[in-house]
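The values are calculated or read from the model by the stated rules, or taken from the named source; none is laboratory data. Because the structure is predicted, anything quoted here is derived from the model rather than measured. Here Cβ is always computed from backbone atoms with ideal geometry, including for glycine, and neighbour counts include all displayed protein chains.
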Amino acid sequence: KKFGNIILDETVSNNETYLTIKKDDAVHICDYLYHTLRSALLSMFATDERARDGCFKIHYVFSCKGDAFIIIQIKIEENLPKFTTLTHKIPSANWYEREIQDMFGLVPVGHPDPRRLIHFEDWPAGLYPLRKDFDIRTKPERVKGEYIYRRVEGEGVYEIPVGPVHAGVIEPGHFRFSVAGEPILNLEIRLFYTHKGVEKLFETMSIDKAVFLAERVSGDNSAAHAVAFCQAVEKLAGIDIPPRAKYIRTILLELERIYNHLGDIAGIATDVAYPFGAAHANRSKELMMQLNEKLTGSRLLRGMNAIGGVRRDIGDKKEMISKELDSLQKDFRELMELLVSSPSVADRIETTGRISTEIAKGLHVVGPVGRASGIDSDIRRDHPYAAYPKLEFKVPVSKEGDVNARTNVRADEVYESITLIRQALSRLHEGEIRKDSGKIPDGCALGYTESPRGETFYWVHISNGRIERCKVRDPSFCNWLAIEYAVLDNIVPDFPIINKSLSLSYSGNDM
């Protein structure tokens, strides 16, 4: 009602309201949604609609109370590919706007950091991969260029470059520290060394095959990505999957959360030189991944989800799952008692790597990292899906924002996941596991899950039975910037602990 005179078009579909406005009004309306209505900016992306409407469009996705989403849309003319930056009003718009600039050539005027984000300095100017006229098979000739890092000047200040190649089996990322003695004065990260063109690849695939691509966006969050994609298509098609499939999906998602959190706790124990605790956690993680394989044929829970439900039933394995959970709960309680009672562990993780609530809100830090900094948000509760509306669970929240808080939030979530799986097993009655999807109608819809790292979003646009556009937003895209704040005034030897406690995915970010 407040902005009725400037809304050009309004479309409501399920829990999504699409409002088309003039681009000059975008900052004002987004600012109102964010600061007055306290709606979070969940994603921001562009689409190339020149063939149909003669323009590009930018979409701002906001999460509202009452399981609702508002998507603000503006049109950008091809001969004037510019829009006003939102970053000064909403800091979490920073990377979204730079991504749009790199992939579509739409310039965020007034952006505080207009450098390239995804493209490296050898990428030719004027070549924008997510435009429809860019052929995915293109192999551009590289050019010379230079990336200018931020510099911290002062007596005794020097830089420590780390990466992009690291010890261990991880993907590449560059970390440039500015230090004076031991305290860290500034950290600048540079990622996207292994950008894979996933969103472009979605446009070349059938809807059914695209489920397998979604599973591979971030390998250890396979179930969360697959369910988010499937739910977007199912919402668009009006498919209400069978109750048994909803419970099976919920069980898979919580198993994924458990083994990820166990791995993160093991990594933190390793980085604080507590190998006994790390071995304990890694043993439990291995047992959970073996359980995954027994249930689904995949240690990473791949190949289970499909449009309309799940591909395979878990059959008569309820008793086996229950026994594994009983054993896990006992072992995990012993592990956490060991960690909590260790003075050396406490010395390394308490007050280390603090992210304030203010910073976490500004960057829209999500998942356990956000909840450890006082952000009471969980998609399972706030925008419920699968079987979560029928299950009871708590959302652990802490305010300290340090490595210790992030460890404890994950530990509490492991217990909650065990409880959720037990509830789901008790209600897992016989029945169908999949519905025929039929012909998917044209349109667009959001799909989302609360992965072990936080909110995972898919916006899928279908046209003539094909994927016209698929926007993927992994939680790590939100959380990577937080590390630049978490390390400030800490010492360089604590960086690995802080980094591990954030559990950031290179693959989920470098899409």
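For the range 117-145, a residue qualifies if it is surrounded by fewer than 13 Cβ atoms within 10 Å (Cβ to Cβ) and β-branched (Val, Ile, Thr), and the qualifying residues are Ile136, Thr138, Val143.
The residues on offer are Thr138, Thr87, and the sole one that is in a loop (DSSP other than H, G, I, E, B) and not assigned by TED's automatic domain parsing to the domain that holds Asp48 is Thr138.
For Glu334, the conditions (1) without any contact (Cβ under 8 Å) to a residue 40 or more places away in the chain; (2) surrounded by fewer than 16 Cβ atoms within 10 Å (Cβ to Cβ); (3) in a helix (DSSP H, G or I) all hold with the exception of (1).
Checked against the criterion of being more than 16 Å from Tyr193 (Cα to Cα), surrounded by 11 or more Cβ atoms within 10 Å (Cβ to Cβ) and under 29 Å from the mean Cα position of the chain (by Cα), the candidates Ile148, Ile170, Ile160 yield just one match: Ile160. Kindly evaluate Leu301 against the criterion of being assigned by TED's automatic domain parsing to the domain that holds Ser417, in a helix (DSSP H, G or I), among the aliphatic types (A, V, I, L, M) and under 30 Å from the mean Cα position of the chain (by Cα). For Leu301, the condition - assigned by TED's automatic domain parsing to the domain that holds Ser417, in a helix (DSSP H, G or I), among the aliphatic types (A, V, I, L, M) and under 30 Å from the mean Cα position of the chain (by Cα) - is not met. All of Asp113, Asp133, Asp102 fail the test of being of a type in the set (Asp, Glu) and more than 25 Å from the chain's Cα centre (by Cα), apart from Asp133. Within the range 2-24, identify whether any single residue is among the acidic types (Asp, Glu), under 28 Å from Asp113 (Cβ atoms) and in contact with a Lys or Arg (Cβ under 6 Å, 6 or more places away or on another chain), and answer yes or no. For the range 2-24, residues among the acidic types (Asp, Glu), under 28 Å from Asp113 (Cβ atoms) and in contact with a Lys or Arg (Cβ under 6 Å, 6 or more places away or on another chain): absent.
Looking across the range 290-304, not a single residue is surrounded by fewer than 17 Cβ atoms within 10 Å (Cβ to Cβ) and either in contact with a strand residue (DSSP E or B) (Cβ under 9 Å, 6 or more places away or on another chain) or aliphatic (A, V, I, L, M) (or both).
Taking the criterion of being free of Cβ contacts under 8 Å to residues at least 40 places away in the same chain and either surrounded by 20 or more Cβ atoms within 10 Å (Cβ to Cβ) or aromatic (Phe, Trp, Tyr) (or both), the only residue of the range 397-407 that qualifies is Ala405. Residues in the range 179-238 that are part of a loop (DSSP other than H, G, I, E, B), aliphatic (A, V, I, L, M) and buried (at least 17 other Cβ atoms within 10 Å of the Cβ): Leu191, Val217. When Ile76 is tested against (1) surrounded by 19 or more Cβ atoms within 10 Å (Cβ to Cβ); (2) within 23 Å of Asp474 (Cβ to Cβ); (3) more than 20 Å from the chain's Cα centre (by Cα), exactly one condition is not met: (2). Asp474 fulfils the conditions (1) in contact with a Lys or Arg (Cβ under 7 Å, 6 or more places away or on another chain); (2) surrounded by 21 or more Cβ atoms within 10 Å (Cβ to Cβ); (3) acidic (Asp, Glu) except for a single criterion, (1).
Here is a yes/no grid of residues against (1) in contact (Cβ under 8 Å) with a residue 60 or more places away in the chain; (2) surrounded by 15 or more Cβ atoms within 10 Å (Cβ to Cβ); (3) in contact with a helix residue (DSSP H, G or I) (Cβ under 7 Å, 6 or more places away or on another chain); (4) of a type in the set (A, V, I, L, M, F, W, C):
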position: Asn5; (1), (2), (3), (4): no, no, no, no
position: Ile21; (1), (2), (3), (4): no, yes, yes, yes
position: Asp25; (1), (2), (3), (4): no, yes, yes, no
position: Leu37; (1), (2), (3), (4): no, no, no, yes
position: Leu42; (1), (2), (3), (4): yes, yes, no, yes
position: Gly54; (1), (2), (3), (4): no, no, no, no
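Against the criterion of being β-branched (Val, Ile, Thr) and within 29 Å of Lys209 (Cβ to Cβ), Thr270 does not qualify.
Within the range 433-479, the residues that satisfy the criterion of being among the polar types (S, T, N, Q), under 30 Å from His261 (Cβ atoms) and part of a strand (DSSP E or B) are Thr449, Ser451, Thr456. Within the set Glu430, Glu484, the sole residue that is touching a residue at least 12 places away in the same chain (Cβ under 8 Å), out of contact with any helix residue (DSSP H, G or I) (no Cβ under 6 Å at 6 or more places or on another chain), surrounded by fewer than 19 Cβ atoms within 10 Å (Cβ to Cβ) and in a helix (DSSP H, G or I) turns out to be Glu484.
Scanning the range 337-376 for residues that are in a helix (DSSP H, G or I), farther than 30 Å from Ala40 by Cα and not hydrophobic (A, V, I, L, M, F, W, C) yields a total of 5. Scanning the range 209-251 for residues that are polar (S, T, N, Q) and closer than 25 Å to Arg422 by Cβ yields Asn221, Ser222, Gln231, Thr250.
Considering only residues of the range 240-277 that are aliphatic (A, V, I, L, M) and closer than 16 Å to Asn305 by Cα, which is surrounded by the most Cβ atoms within 10 Å (Cβ to Cβ)?
It comes out as Leu253.
Only one entry in Glu430, Glu416 is in contact with a Lys or Arg (Cβ under 9 Å, 6 or more places away or on another chain) and at pLDDT below 95, namely Glu430. Of all residues in the range 484-497, none satisfies being closer than 30 Å to Asp133 by Cα and of a type in the set (A, V, I, L, M). Scanning the range 315-361 for residues that are among the hydroxyl-bearing types (Ser, Thr, Tyr), under 29 Å from the mean Cα position of the chain (by Cα) and within 24 Å of His280 (Cα to Cα) gives a single hit, Thr352.
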